[in-house]
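Readers should treat all values here as calculations from the given coordinates under stated rules, not as data from a laboratory. No experiment lies behind these values; they were computed from the predicted model shown. Counting neighbours? That spans all protein chains shown, and the Cβs are built from the backbone with ideal geometry, glycine included.
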Amino acid sequence: MLPLLPLLALPAAVRGQFILTTNYGAITITGYTGSGGAVTIPDSTNGYPVTRIGNEAFSFCSPLTEITLPDSVTNIGDGAFHACSSLTNVALGTNLVRIGTEAFSSCASLSVITLPGSVTDIGDGAFYMCTSLASITVGTNSPAYSSMDGVLFNKSQTTLIQCPGGKSGSYTVPTSVTNIGTEAFSYCSDLSNVTIPDSVITIGPRAFSFSRLTSVTIPGSVTRIGDRAFYLCTSLSAITVDTNNPTYSSAEGVLFNESQTTLIQCPGGKAGSYAVPNGVTNIGAYAFYYCTSLANMTMPGSVTLIGDEAFVACRNLTTLVIGSNVTGIGTNAFSWCTGLASVTIPAGVRNIGATAFSWCGSLTNVVLPGSVTNIGARAFYSCTSLRAITVDTNNPTYSSLDGVLFNKSQTTLIQCPQGKAGSYTMPESVTSIASYAFAGCARLTGVYFPGDAPGLGVDVFDGANNVTVYFLPGTLGWYTPFGGRPTVVWNPQAQGISVRTNRFGFTITGTANIPIVLEACTNLSSADWIPLESCTLTNGSLDFSDSQWTNYPARFYRIRSP
């Protein structure tokens, strides 16, 4: 633990503003408690030089408008000024060597920054989401970096590191560039067109993510495109690849590998209907991410794999036909497809990834084929309209009963659909309840257990705020709250059975206010039970009489849970 420098040793002008540590005779500023505005960092205090701004030292300091660093500061830590939303001006010292990862990220008001020639290390995303930043300038004597037209490059200008987020209109990448770096054009919301020259070989991960490009052309020289390079580009209507490119190709404005067996990226602005071309075997991760204007999607039989987050937030996608030979559906593959009402999962699908259909608020029914052997956690989480999950009886791993998903032997309840309302009675075979099994079941009022308390996963009843857990007297392991929900003994008993003024009747007693259903039948062998009354035991007692009892040669009664 580094010692805190006594605040009384600070000059009066800065006393109380900074949290400091000392290390080998140098001071690091680790926090700021001042009122903001224009702040100047002292070059020394109490005889010690200030050499570092610590990680996240000023992060989320929204009142900060200007910061001036002395020449003594050599290192700005990771996230040091992250999300300082009012910061407009930054003056850096002449001996600064390192600017940490995301050091000035999300500084939305920062418009211009000049980097001294001493800087030799700039972390990833140092100026990420600086949407007002129009120019980044580097001292000409820098051994590691350079700038041209306000854009940050490495010294030789073979790597484009950061286009400032406030740059607008069109931009042509210099012909010296072979690598467009990670997030290089990310959040360039006013940039409508970028021309990529034949010199570029690599486009880094998320390079154009969250930008407002309307179209992009990939030259024949590009042999590597990083993950999510065009992620959430909602204005992008077409990605075109030069026909001479040996690695990638395009068709109808959609990006594929060269052989068109993998669909890599559908542009975010594509609208209407789209049919995946025959021959495609793999729909890649994030391929249709946030394609909010797509309404209909069909897949050919050649598709065998749907990647992680492939269709996230395709909110207007109402009809989806999954290819008949698909064997795997990735994590989050269809999450937030809020308009999706019906999904047919074909026989052959073996794996459904975690949260694959989560937050599909319009989804009402899901039928799982016999081939599915792995369903990831929360695969149908927050599907608030889902009434039933039905599993093919030939499935070797899973089963269903009354629309609820279980393991094959029905010893573990995996998922109760969130559209289920009223009450639910647990099968006697259940010994454990999986994590999140009843999460979000807001319309469920009671869960009835016939046996001992089962083992519970994590957050079993999270968001199921109306559920009361009922258990039978004599069963073991119960406590309250159980999984965060109150427990009540469900113990109705019939007493005082007699004929009363030509009516057969009895008194039902039990725990106050427990719900019951009273039923009757005339033949126990057929067990055709007819509901007579649904009610609660107000004050723990209910008198019942049956005026119709003489109309039957025999009549039997039972009390059950709702």
Charge dipole of the chain about the Cα centre (unit charges at C-beta), most positive-ward option of Ser170, Val326, Thr480
Thr480
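Chymotrypsin sites (Phe, Trp or Tyr not before Pro) within region 46-111: which are DSSP loop residues with at most 13 other Cβ atoms inside 10 Å? Each step should come with its number before you reach the end.
Details: sites: Phe58, Phe60, Phe81, Phe104; in loops: Phe58, Phe60, Phe81, Phe104.
Taking region 46-111 and a limit of 13 other Cβ atoms within 10 Å, the loop chymotrypsin sites (Phe, Trp or Tyr not before Pro) found are Phe60.
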For the peptides 115-127, 455-467, what is the packing order when you average, over each peptide's residues, the other Cβ atoms within 10 Å and list the highest mean first?
115-127, 455-467
Cα convex hull of region 426-540, projected area averaged across orientations, nm²:
9.0 nm²
Taking region 331-397, how much of its Cα-Cα pair set, in percent, is spaced more than 17 angstrom apart?
35 percent
Share of Cα-Cα pairs in region 49-182 beyond 22 Å, in percent?
30 percent
Between region 384-401 and region 465-496, the Cα center-to-center distance that results, in Å:
27 Å
For Asn257 and Ser168, FRET efficiency with R0 = 35 Å and r from the beta-carbon atoms, rounded to 0.05?
0.60
Considering region 271-385, what Rg and Dmax in Å follow from its alpha-carbon atoms?
12.4, 36
Rounded to whole Hz, the Karplus (6.51, -1.76, 1.60) HN-Hα couplings of region 166-181, x for glycine and proline
x, 5, 10, x, 10, 9, 10, 5, x, 6, 6, 6, 10, 9, 9, x
What percent of all Cα-Cα pairs in the chain falls in each 10 Å bin, counting up from 0?
3, 14, 17, 16, 16, 14, 9, 5, 3, 1, 0
Using +1 at the C-beta of Lys and Arg and -1 at the C-beta of Asp and Glu, which of Thr445, Gly268, Thr507 has the Cα lying farthest in the positive direction of the dipole of the chain?
Thr507
Sites Ala38 and Thr120 - FRET efficiency at Förster radius 30 Å, r taken between beta-carbons, to 0.05
0.60
Within region 410-449, list the residues whose amide N lies under 17 Å from a label point set 7 Å along Cα→Cβ of Thr480.
445-449
Taking H as built 1.01 Å from N, whose amide H comes closer than 5 Å to the amide H of Tyr248, not counting residues under 5 places away?
Glu258
Multiply the residue separation of Asn539 and Thr240 by 0.36 nm, subtract the distance between their alpha-carbon atoms, and state the gained length in nm to one decimal.
100.3 nm
Could you give the dipole magnitude of region 120-234 about its Cα centre, charging the beta-carbon of Lys and Arg +1 and that of Asp and Glu -1, in debye to the nearest 20?
100 debye
List the aspartates and glutamates whose Cα sits under 12 Å from the Cα of Lys270, skipping any in the same chain fewer than 8 residues away.
Glu252
Estimated FRET transfer efficiency (Ala295, Ser215; beta-carbon r; R0 25 Å; 0.05)
0.70
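Across region 60-128, how large is the tail of the calculated P(r) beyond 19 Å, expressed as a percent of all Cα pairs? Write out the running numbers ahead of the final one.
Numbers: 535 of 2346 pairs.
Everything past 19 Å amounts to 23 percent.
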If every Lys and Arg gets +1 and every Asp and Glu gets -1 at its Cβ, then about the Cα centre region 491-560 yields a dipole, in debye to the nearest 20, of 120 debye
Using every pair of alpha-carbon atoms in region 495-560, split the distances into 5 Å bins beginning at 0 and state the percent of pairs per bin, rounded to integers.
4, 16, 27, 24, 18, 9, 2
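What is the Cα convex hull volume of region 134-257 when expressed per residue in Å³? Write out the running numbers ahead of the final one.
Details: hull volume 10.2 nm³, N = 124.
Expressed per residue, the convex hull around the Cα atoms of region 134-257 is 82 Å³.
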How big is the gap, in Å, between the Cα center of region 76-127 and the Cα center of region 182-214?
21 Å
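Using the Cα centre of the chain as the reference point, and only Cβ charges (+1 on K/R, -1 on D/E), how large is the resulting charge dipole? Debye, rounded to the nearest 20. Working shown, then result.
Working: 23 positive and 29 negative charges, 182 e Å.
In total the dipole reaches around 880 debye.
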Residue farthest toward the positive end of the dipole of region 250-396, with Cβ of Lys/Arg at +1 and Asp/Glu at -1: which of Ser342, Leu305, Thr281?
Ser342
A correct Karplus calculation of ³J(HN,Hα) over region 124-137, with 6.51 cos²θ - 1.76 cosθ + 1.60, θ = phi - 60°, whole Hz and x for Gly and Pro, returns 4, x, 4, 10, 5, 6, 8, 6, 9, 6, 9, 7, 10, 10
Report the normalised scattering of region 387-474 as log10 I(q)/I(0) at q = 0.16 Å⁻¹, calculated by the Debye formula with identical scatterers on the alpha carbons.
-0.57
